[in-house]
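Single-structure report; data block below.
The values are calculated or read from the model by the stated rules, or taken from the named source; none is laboratory data. The model shown is predicted, which means the values in this text are computed figures rather than measured ones. Cβ: placed from backbone, ideal geometry, glycine included. Neighbour counts: every protein chain shown.
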Amino acid sequence: MKHIDDIRAGVAIVILDEEKRVLLQKRADVGLWGIPSGHVEVGETVADAAIREVKEETNLDIRLIKLIGVYSDPSSQVFTYPTGKVVHFITTCFSAEIKGGELRCNSSESLDVQFFKQDVLPQDLLKMHPRWLTDALENKEAAFIR
């Protein structure tokens, strides 16, 4: 296993619009598309982190619907940033619905935010995000542990 600098708690949020298109964010840090996601801050619950991250990145207010899964497998959850820092993420993934707000890039963390048809996703997706999206779209009752 390669050297890992840090381990972090993360959240990811799968949001579909009324046309069942998936919301993706083009991240400023790596220039790739992905499901809205981020870090849990000290003293914050994963649910609160998910709601905060979506608001910060997309300007949308959401309601969490269900837990999709918890992802910790180093083969998919170790990420190398452009700076060279290597982080192992333990990510809690939720599905959510939009309660309000107007979609827009709401922080310097996002280059773009938009909805995509599920069968026409950008090719430049972060490596772990397709698994989260596939699991979310399976619509299983139980959460995945991967």
The range 37-120: strands (runs of 3 or more DSSP E) wholly inside it with 2 or more residues that are surrounded by 13 or more Cβ atoms within 10 Å (Cβ to Cβ), at pLDDT 95 or above and not aromatic (Phe, Trp, Tyr) are 60-71, 86-101, 110-116
Kindly provide the set of residues from the range 17-49 that are farther than 25 Å from residue 83 by Cβ and either in contact (Cβ under 8 Å) with a residue 24 or more places away in the chain or of a type in the set (Phe, Trp, Tyr) (or both), ordered by number.
17, 19, 20, 21, 22, 23, 46, 47
Of all residues in the range 53-88, which are without any contact (Cβ under 8 Å) to a residue 24 or more places away in the chain and of a type outside the set (S, T, N, Q)?
84
Look at the range 1-32 and say how many of its residues are under 17 Å from the mean Cα position of the chain (by Cα) and either in a strand (DSSP E or B) or of a type in the set (Val, Ile, Thr) (or both).
17
Members of the range 75-121 found to be within 18 Å of residue 31 (Cβ to Cβ) and of a type in the set (Gly, Ala, Ser), listed by number
84, 107, 108, 110
